[in-house]
Ligand code: FES
């Protein structure tokens, strides 16, 4: 059976490049749902690597970050796991209670602050939903033939997601539900000698603090962590219309909700050079003079996003009704 | 499309894209390939050619079905030993490709290049002043080669000696992506010596602090890549960072020399410099072709490409596909050349594209400021390479502004 490598050459030009449909929603554990997201036309999604997360802009206007935990060899679907946060501000509750298969969400990224760097051995430590970014890392460690072990803690066995997927790995995985085994004893589990190893840890603050304390003094880059933040991570919006003032050409262009900024500029006769049109290559970088960009690229780090002085017009939009660009 | 869904064998043609006539003027062959069908089987090499924009773009982005790890030249690393250790960037697939790519795209990204802008502009002004002191000169040697060789090795952090080795090394590397023809044989005479020099420059102690090369080594210290990977990643910079830019700059100068109205236009609106360079890259496609290898039996537009077969993507043909571009053969600054595939597309898209754009912007801006008219003063001469579309000389005459 031949795989059809189908044409989506013009796909990235479409206005809905960052709008995805919930293709399926299913329980992954008590209080955790897994969502798969896909394009309405079934086309390719922007590439990602383990450790990447996406920004999910919910129909209620809230934005949340979720690690991608699916298979990157399947270019047509993203999978995320969403924990219901009882103390959250309603983002995860919305996903659990309101969001259904068929609904449309806006997506930013993927971005990656938690890349899998080469190592002779990997030691993975997950707390609760922190397992999600580690799942694709484990797949790749296997693929590379690099030795690895996983320590995975959670409240109770039934609250721990993706145990079924981890079951195939036998004793490389240590599962410690708190009600059976107490809190993770990182010090006891980590080997004495960490030479050539990298420790990847994701989970709640307490766990990260413990692992950081234990790994203090190890060579740079040995420990790599990602903190799961329940809070909003910065201004992000749905696809509303906004005006862009082009300072140098002295013009104003309105960007409709169904248009990318790049498209709107092009239609107004102003060609900004672009290439990937997915926020990954950096070609369309534009200087922002005023207003707050709604960043949806894969390029800027958190500090650069916060600075708000440049943006990628192929995917990013405006938080407010008006943006001023150096064009 | 085949209604039953079973892919069928594509059209077969007996043409040689690496024959001297085809390299000299690839355009007629590219048109024939585009028109023959979405996929064409090239009998001589038993490879599958894609020449239409849509399919080349798809093939470039679909790294899952079309791998780079078996080599991006004709040689199939599944069965053949590569002539040098494979590139960690160009000739690698995820997950091996991830870390080297991430490190290099950080170092060569637009925001980390900002600090070079002023120096490079000053360098360009200086060079253009020197060169335009004469009313006519060879634009290939005096500008297209001279400028990158002046700024790029410094930015990498190379020592002074031996820089003249960069061009022949790159030329051979790009020839080696093709079949083992005369061009490869000619380069093979010096390959040991050139490789030895290039490999020696990749060592940490040869690279000045703060340059691209040193920053690659710093990334190894930070644990983002291994110390064993660092020299190979530096090697990628040295292999792919010079010839390609030289030929792209020559293409841009040629385009302007042959289209005086476009030169006028640029002089009237220097902000078009960025568009001009990408339009030149679309129009001439300095990197003409790259191969991938099918990771399974594939169906491309209904044609079967069997597992393990090489797929030859004609970037140059895609960039002039009338199905995608209006009047593709025109070099036209009014056009939006965005999304051309001259730098590739997808996870292997040229990681040095921002460096090339910055060099081009500096050079053409300086030229536009100083030169009112530029025209050909004689027939330019092609330089043949299995992968690159290049000039060896281009006599031009100028009038100062
Ligand atoms: S075109 Fe690539 S980042 Fe916008």
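Taken together, the values in this text are just the output of simple stated rules run on the coordinates, not laboratory data. This structure is a prediction, so every number in the text was calculated from the model and none was measured. With ideal geometry, Cβ positions are generated from the backbone for all residues, glycine too; neighbour counts draw on all protein chains shown.
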Averaging 1/r across every pair of distinct alpha carbons in the stretch B:179-298 and inverting yields a Kirkwood hydrodynamic radius, in angstrom, of 17.9 Å
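Using the C-alpha gyration tensor of the stretch A:79-119, what are the square roots of 5 times its eigenvalues, in whole angstrom, with the largest one first?
Sorted largest first and rounded, they come to 26, 15, 9 Å.
Taking neighbour Cβ counts within 10 Å as the exposure measure, how do A:305, B:34 sort from fewest upward?
On the way: A:305 21, B:34 24.
With the fewest neighbours first, A:305, B:34 line up as A:305, B:34.
Share of Cα-Cα pairs in the stretch B:1-49 beyond 16 Å, in percent? Display every interim value, and only then the final one.
Values: 518 of 1176 pairs.
In whole percent, the share of Cα-Cα pairs in the stretch B:1-49 beyond 16 Å is 44.
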Over chain A, how many percent of alpha carbon pairs lie in each 10 Å bin up to the one with the longest distance?
-> 6, 25, 31, 23, 12, 3, 0
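Seen from all sides and averaged, what is the projected area of the convex hull of the Cα atoms in the stretch A:31-73, in nm²? Before the final figure, lay out the partial values.
Details: hull surface 15.9 nm².
Directional mean of the projected Cα hull area for the stretch A:31-73 stands at 4.0 nm².
Would you mind computing Rg(Cα) / (2.2 N^0.38 Å) for chain B, counting N as its residues? Show your work: numbers first, answer last.
Working: Rg = 20.8 Å, N = 401, 2.2 N^0.38 = 21.5 Å.
For chain B, the normalised Cα radius of gyration comes out at 0.97.
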Considering only the protein assembly as shown, percent of DSSP beta bridges that pair antiparallel, nearest 5 | 65 percent
Any idea what angle helix A:205-215 forms with the longest principal axis of chain A, computed on alpha-carbon atoms, 0 to 90 degrees, nearest 10?
-> 70 degrees
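Quick one: divide the alpha-carbon radius of gyration of the protein assembly as shown by 2.2 N^0.38 Å and tell me what you get. Don't skip to the end; give the middle numbers.
Values: Rg = 26.2 Å, N = 728, 2.2 N^0.38 = 26.9 Å.
Normalised Cα radius of gyration, the protein assembly as shown: 0.97.
For the stretch B:212-361, take the alpha-carbon Rg, divide it by the Kirkwood Rh, and send me Rg/Rh.
1.05
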So what's the angle, to the nearest 10 degrees on a 0 to 90 scale, between helix A:131-144 and the longest Cα principal axis of chain A?
-> 80 degrees
Cα-based Rg of the stretch B:264-350 per 2.2 N^0.38 Å, rounded to two decimals?
-> 1.33
Regarding the stretch A:137-233, what whole-number volume in Å³ per residue does the convex hull of its Cα atoms give?
-> 136 Å³
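Within 10 Å of each residue's Cβ, count the other Cβ atoms and sort A:26, B:121, B:303 from fewest upward. The partial results should precede the final answer.
Values: A:26 9, B:121 16, B:303 23.
The order, fewest Cβ neighbours first, is A:26, B:121, B:303.
Rounded to a whole number, what is D in µm²/s for the stretch B:325-401 from Stokes-Einstein with the Kirkwood radius over alpha-carbon pairs (4 °C, 1.567 mPa s)?
On the way: Rh = 15.5 Å.
Value of D from the Cα-based Kirkwood radius: 84 µm²/s.
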Convex hull of the stretch B:1-147 built on C-alpha atoms - directionally averaged projected area, nm² | 14.0 nm²
Pairwise centroid distance, computed over Cα atoms, of the stretch A:118-139 with the stretch A:239-264, Å | 41 Å
